[in-house]
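Q: Shown below is the structure under consideration.
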């Protein structure tokens, strides 16, 4: 249990750092912080908080009192309640402490009777009391009595209090807000927390049902899923070192203040992620999960963000674009179409001609092909369709940098398998055995880039064909072949020929952005078993691919002279860079792509800034690679400029 909790917290902290590096926030309209300007709305309100003797309940009681509310504190232990009430009163607030067991009807009745006598009624009911139950045994060994004990505290006690408070609200014709303290475990479960997970799922279901069944219009309910905070309870889960990384319970207060005062129509029957609300209240209250907790996926190439860089002669290097430009035949096809209605008309929504051309290229039938507006669209789509929040995804480390951004968006749990070998040895390689070993019953996707971005390496084709056939049927394999056309023919796997022998759905991704030089057209495609293609097509949008993209792609596929020129020029440029790096004694990884990974003798950013003055805009793909960085294969004169700079350092 401790290992699980540590892993979850460590993953969350690392995720925040990755998000900050990959997805820096852009300037935009500020969203009001939860709790801002709400004190006047709580002044004089009566707020009843269960579980108020310690932890989250105690922190919330103090926050509501500081906002001007009159607070009623309840828990089983009288002494800490009385002490907290005394501190609130000493600070100028009003507080009533009522000890009792909320699983007992008589104690619930006494609590409400004393509250009405002292304050006249209730405006906000915060159900914070809860228990995890056993957390050192699996669900099969928890006794029926132990399941029942957790249920009584986490669900039945809530229902008793909500029903009593709602009856009082209707009797007095006084609006009531109910805030149930839930958990991020909802919808996920966790090993050795079966009773707790089941009770919190039930609590949120009850919150929705009670919201639907209130005919008076006076009662509104919501649930808040707080982050793990520092408390006696969490200390037992995380251990001392990890426990110190957690926030204090007071950090939750702004969201609970907001939940007490937000319009009923905004909160009623809903569950909210506290971290999402704390980060962006407007988004969290309007967007559904996981978008309420995920920033926009932003990419900020310096060729667009810094004036003048896009016009430099070596600007194409920055996004690993084709050094030879794009297909002359594609350009000619677009010029010809520009004189007719076709260029501006809707495309065939089935893209039959393009699909047939791709199928012929790949050696499969058309029902094995799905076109899409970029292979990144397909990656995002597969995470959405096959994984979703909490599911496990297995990838190689390092991997394509923006895959991490999609992982953040869909809140999946990432398992990273380090590559074998080293850059110094020139033998970095996917660990296929390690990837297989990392798969668990919760794994939903396995993602492998081949040739790999950012290392440029390729798996032995026969080994990859054997790998996909060994994958268990409950996972979906994504083999991203964005750079495949640059590879030596003997290195190209024949995955299409083994699809019918795979237990797992295998999705091969290719793009027109790199080798074909059509990045601006936004066009990619998937090759897979027909059943999997049908599932992916369920997320299609009509006419998502533009007519110009269809025209250009069909023409580019047939432009064999251009394709041969691109391949040969890239082979020569890659040799130029690799031989030059070797002559300088700089470790580099043999590549099958249009880039080379090497160990820079200076800080990568220093090198990039210096070469910009020479008209070259190098890739910025070194977030996970120590002092390693990429050199895009450019035109001969640009490759020579890079090598000359390195020779001076």
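Okay, residues lined up against (1) more than 19 Å from residue 51 (Cβ to Cβ); (2) out of contact with any helix residue (DSSP H, G or I) (no Cβ under 9 Å at 6 or more places or on another chain); (3) surrounded by fewer than 16 Cβ atoms within 10 Å (Cβ to Cβ); (4) modelled with pLDDT of 95 or more:
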site	(1), (2), (3), (4)
177	no, no, no, yes
200	no, no, no, yes
208	yes, yes, no, yes
215	yes, yes, yes, no
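Q: Residues 423, 414: which one is assigned to a strand (DSSP E or B) and more than 22 Å from residue 525 (Cα to Cα)? Before the answer, list the steps.
A: Values: 423 fails: assigned to a strand (DSSP E or B).
None of the others qualify; the one that does is 414.
Q: Can you tell me how many residues within region 381-402 are more than 14 Å from residue 444 (Cβ to Cβ) and either modelled with pLDDT of 95 or more or outside any helix (DSSP H, G or I) (or both)?
A: Residues flagged as more than 14 Å from residue 444 (Cβ to Cβ) and either modelled with pLDDT of 95 or more or outside any helix (DSSP H, G or I) (or both) within region 381-402 amount to 5.
Q: Taking residue 273 as the residue in question, decide whether it is buried (at least 18 other Cβ atoms within 10 Å of the Cβ), in contact with a strand residue (DSSP E or B) (Cβ under 9 Å, 6 or more places away or on another chain), assigned by TED's automatic domain parsing to the domain that holds residue 139 and modelled with pLDDT under 90.
A: Numbers: buried (at least 18 other Cβ atoms within 10 Å of the Cβ): yes; in contact with a strand residue (DSSP E or B) (Cβ under 9 Å, 6 or more places away or on another chain): yes; assigned by TED's automatic domain parsing to the domain that holds residue 139: yes; modelled with pLDDT under 90: no.
It is false that residue 273 is buried (at least 18 other Cβ atoms within 10 Å of the Cβ), in contact with a strand residue (DSSP E or B) (Cβ under 9 Å, 6 or more places away or on another chain), assigned by TED's automatic domain parsing to the domain that holds residue 139 and modelled with pLDDT under 90.
Q: Right, next: With the requirement that a residue be surrounded by fewer than 15 Cβ atoms within 10 Å (Cβ to Cβ) and in contact with a strand residue (DSSP E or B) (Cβ under 9 Å, 6 or more places away or on another chain), what does region 470-482 give you?
A: 472, 474
Q: How about region 443-469: which of its residues are in contact with a strand residue (DSSP E or B) (Cβ under 7 Å, 6 or more places away or on another chain), more than 13 Å from residue 429 (Cβ to Cβ) and either not assigned by TED's automatic domain parsing to the domain that holds residue 381 or not in a loop (DSSP other than H, G, I, E, B) (or both)?
A: 443, 444, 445, 446, 447, 468
Q: Condition (residue is over 36 Å from the mean Cα position of the chain (by Cα) and at pLDDT below 95) applied to region 28-36: is it met by at least one residue? If you could, list the steps in order and put the result at the bottom.
A: Restricting attention to region 28-36, the residues satisfying the condition of being over 36 Å from the mean Cα position of the chain (by Cα) are none.
No, region 28-36 has no match at all.
Q: Do we find a residue being closer than 27 Å to residue 376 by Cα and not assigned by TED's automatic domain parsing to the domain that holds residue 608 anywhere in region 257-266? I'd like the intermediate steps shown before the answer.
A: Of all residues in region 257-266, those closer than 27 Å to residue 376 by Cα come to none.
No, that holds for no residue.
Q: Looking at residue 222 and the list (1) surrounded by fewer than 21 Cβ atoms within 10 Å (Cβ to Cβ); (2) at pLDDT 90 or above; (3) in contact with a helix residue (DSSP H, G or I) (Cβ under 7 Å, 6 or more places away or on another chain); (4) not in a helix (DSSP H, G or I), which single condition is not satisfied?
A: (1)
Q: Quick one: count up the residues across region 576-602 that are farther than 20 Å from residue 399 by Cβ and assigned to a loop (DSSP other than H, G, I, E, B). Spell out how you get there, then give the answer.
A: Step one: list which residues in region 576-602 are farther than 20 Å from residue 399 by Cβ, which gives 576-587, 600-602.
From the residues that got through so far, the ones that are assigned to a loop (DSSP other than H, G, I, E, B) too are 584-587, 600-602.
Qualifying residue count, region 576-602: 7.
Q: Looking at (1) touching a helix residue (DSSP H, G or I) at 6+ places or on another chain (Cβ under 8 Å); (2) touching a residue at least 60 places away in the same chain (Cβ under 8 Å); (3) surrounded by fewer than 21 Cβ atoms within 10 Å (Cβ to Cβ), which one does residue 136 not meet, given that it meets all the others?
A: (1)
Q: Let me ask another. Only residues that are farther than 22 Å from residue 210 by Cβ and in a helix (DSSP H, G or I): list them for region 101-154, please.
A: 106, 110, 113, 114, 117, 118, 119, 144, 145, 146, 147, 149
Q: List, please: which pairs have Cβ atoms under 6 Å, are six or more places apart or on different chains, and start with a residue in region 558-587 that is under 25 Å from residue 423 (Cβ atoms) and end with one that is assigned to a helix (DSSP H, G or I) and at pLDDT below 95?
A: none
Q: Somewhere in region 552-565, is a residue under 32 Å from the mean Cα position of the chain (by Cα) and under 30 Å from residue 351 (Cβ atoms)?
A: Taking region 552-565 first, the residues under 32 Å from the mean Cα position of the chain (by Cα) are 553.
Imposing the further condition that a residue be under 30 Å from residue 351 (Cβ atoms) reduces the set to 553.
Yes: one or more hits.
Q: Specify which of the listed residues (526, 556, 552) is touching a helix residue (DSSP H, G or I) at 6+ places or on another chain (Cβ under 7 Å), assigned to a strand (DSSP E or B) and within 29 Å of residue 329 (Cβ to Cβ).
A: On the way: 556 fails: assigned to a strand (DSSP E or B); 552 fails: assigned to a strand (DSSP E or B).
After ruling out the rest, the residue left standing is 526.
The rows are residues; the columns are (1) in the same structural domain as residue 356 (by TED's automatic domain parsing); (2) surrounded by fewer than 19 Cβ atoms within 10 Å (Cβ to Cβ); (3) within 28 Å of the chain's Cα centre (by Cα); (4) over 24 Å from residue 592 (Cα atoms).
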residue	(1), (2), (3), (4)
501	yes, yes, no, yes
506	yes, no, yes, no
531	yes, yes, yes, yes
543	yes, yes, yes, yes
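Q: Further, regarding this structure: Looking at region 225-239 only, could you name the residues that are modelled with pLDDT under 85 and either part of a helix (DSSP H, G or I) or within 21 Å of residue 204 (Cβ to Cβ) (or both)?
A: Residues satisfying the conditions are 232, 233, 234, 235, 236, 237, 238, 239.
Q: Sticking with this structure for a sec: When region 435-462 is examined, which residues are found to be surrounded by 15 or more Cβ atoms within 10 Å (Cβ to Cβ) and without any contact (Cβ under 8 Å) to a residue 40 or more places away in the chain?
A: Once the filter is applied, which keeps residues that are surrounded by 15 or more Cβ atoms within 10 Å (Cβ to Cβ) and without any contact (Cβ under 8 Å) to a residue 40 or more places away in the chain, region 435-462 yields 436, 459, 461.
Q: I need a count of the residues in region 577-590 that are under 19 Å from residue 488 (Cα atoms) and crowded, with 18+ Cβ neighbours inside 10 Å.
A: Qualifying residue count for the region: 4.
The values are calculated or read from the model by the stated rules, or taken from the named source; none is laboratory data. What you are looking at is a predicted structure, and each value in this text was computed from that prediction instead of being measured. Because the Cβ atoms are built from the backbone with ideal geometry, glycine has one as well, and the counts that use them run over all protein chains shown.
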